Amino acid sequence: MIVVMKSGAARKDRDAVTSRIKELGYTPHIIHGTTRDVIGAVGDERGKSVLQSLESMQGVESVVPILQPYKLASREVKKEASIVRISDTLAIGGKELVVMAGPCSVENEEQILESATAVKKAGAQMLRGGAFKPRTSPYSFQGLEEEGLKLLAKARDLTGLPFVTEVIDPESVELVASYSDMLQIGARNSQNFALLKKVGQIDKPILLKRGMSMTIQEFLMSAEYIMSEGNQSVILCERGIRTFETATRNTLDLSAIPVLKAKTHLPIVIDPSHGTGHYHYIAPMSYAAVAAGADGLIIEVHPDPEKASSDGPQSLKPKKFEALMEKLKLFAAAADKSL
Ligand code: PEP
Ligand code: MN
C-alpha cells in the first residue's frame, strides 16, 4: 500500500503514520517527492486491507494499493526519476550521462593504472574493474580479490575516478564496500537473495545486473529485495539475455530501457560489452542505448585486450574508446543529456 500524504503535511503527522504502520506489522519507507511525501507500507500482502484505516489519520490524503508485485521500485510509488548519488560531484539518473569504463578484471598495478588514466583522459566519470570474478569455469582466473581492491583504490587516488566493482558473496560485502564507491551484483548472482539482502543493508549504491534469463519483472523483484532492506540507491544494468542467437554472446535487450523507464523510477545503465561479446559492436550499441534513454554505460576497456585475463574480445583499446566517447557526445546531446 502507498500512503499519500497531503502536500505540506506536518512532520508529526507523517511520524504518526509511520508509527501506526509499524504497529500494524508493516515496514514504512518514506519517499520524498517534490510536492508531497508518500509512505510505502510493505510487508505481508495477505492482511494488507488493515492499512486502509490509515486514511482517517491527520495529514493523509489517500491510501492506495500498489498493483505491481515490486513496490518500492515501482513508478506507482514514485513518479519522478531517482537520482543515485555516487560522490559529491557525480550522480546517475539526472542530466549527466555517466560512463563507467575499465578492464573486466584487475590484473596488476600497471594494467589498472594505465586503464584508469586512459578512460579518465577519454572522459569517463567512473572506473570499473573486477577483483572478485564470478567465472563460468572454476579453472579460469578468479581475480586478485583484496589485492585487486587495493589496486582499484590506488587508481582512484591517481585519477580521482570513483570505482565500481563486483561482490560475489554475502561474506565479502563489508570488505568490498570498505574500498569501493559502488558495488556490482553480477548477472550470475542477480537472484542470490542472501547477497541481495546483505547489500540492501549497506549505505553504498548498488549496480544490479540483469540475469541472463531474467524477465523484467524478476529483475525488478531483485531490486525490490535490496530496497526492502533499506538501501534505495539501486541502479539497474541491462547486459544482454540468452536467446537462440549465437552471432553475439548475448542479445542486448535495448527495449528494456523504455520498458523499465515506464515501470520504475530507478536509473538504467547499459553494458554493451557483455551484451554483444565483440568489441566492434560496442560503439553502435552505446549510441543506440543513449538514444533510447539510458542514464549510463558500462564498457570494458583494456590497454592490451589480446593479453587480457578475461573478456579481451569484448574490450576496447583506449584509442577506440576515445573515439566512441567523442561521438557519444552527439547522441547524449540529442537525448538531452550532458557528457
Ligand atoms: C563483468 O562485469 O565483468 C561481469 C562478469 O558481468 P556480468 O555479470 O554481466 O556477466
Ligand atoms: Mn567482463
Enclosed volume per residue, in Å³, of the convex hull spanned by Cα atoms of the range 78-230: 121
Which value, in nm² and rounded to one decimal, describes the direction-averaged projected area of the C-alpha convex hull of the chain? 17.3
Ignoring ligands, DNA and RNA, what percent of the accessible area of the range 74-160 is carbon or sulfur (1.4 Å)? 52
Per-residue HN-Hα couplings for the range 291-304 [Karplus 6.51, -1.76, 1.60; θ = phi - 60°; Hz; x = Gly/Pro]: 4, 7, x, 5, 8, x, 9, 10, 10, 7, 10, 9, x, 8
Inverse of <1/r> over all distinct C-alpha pairs of the range 2-64, i.e. the Kirkwood Rh in Å, gives 11.4
Can you compute the FRET efficiency between E306 and V259 using 1/(1 + (r/R0)^6), with r the Cβ-Cβ distance and R0 = 30 Å? Round to the nearest 0.05. 0.20
Potential extension, E218-I83 segment - 0.36 nm per residue separation minus Cα distance: 46.4 nm
Compute the semi-axes of the equivalent ellipsoid of the range 1-145, taking the square root of 5 times each eigenvalue of the Cα gyration tensor, and list them largest first in whole Å. 44, 20, 12
If one builds a Gaussian network model of the chain from Cα atoms under 10 Å apart, the most fluctuating residue listed among L90, L254, L220 is L90
The chain, Gaussian network, Cα under 10 Å: of K12, K320, K263, the residue fluctuating most is K12
The range 199-339, convex hull of Cα, quarter of hull surface, nm² -> 9.1
Sequence of R20, R14 from largest to smallest accessible area, 1.4 Å probe: R20, R14
If I build a Gaussian network model for the chain, linking alpha-carbon pairs within less than 10 angstrom, which residue out of A118, A294, A323 has the largest mean-square fluctuation? A323
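The values are calculated or read from the model by the stated rules, or taken from the named source; none is laboratory data. Here the structure is a predicted model, which is why all the values come from computation and not from measurement. A quick note on method: Cβ atoms are made from the backbone with ideal geometry, for glycine too, and the neighbour counts reach across all protein chains shown. The area values use the complete protein model at the heavy-atom level, side chains included, leaving out ligands, DNA and RNA. Shrake-Rupley method; radii C 1.70, N 1.55, O 1.52, S 1.80 Å.
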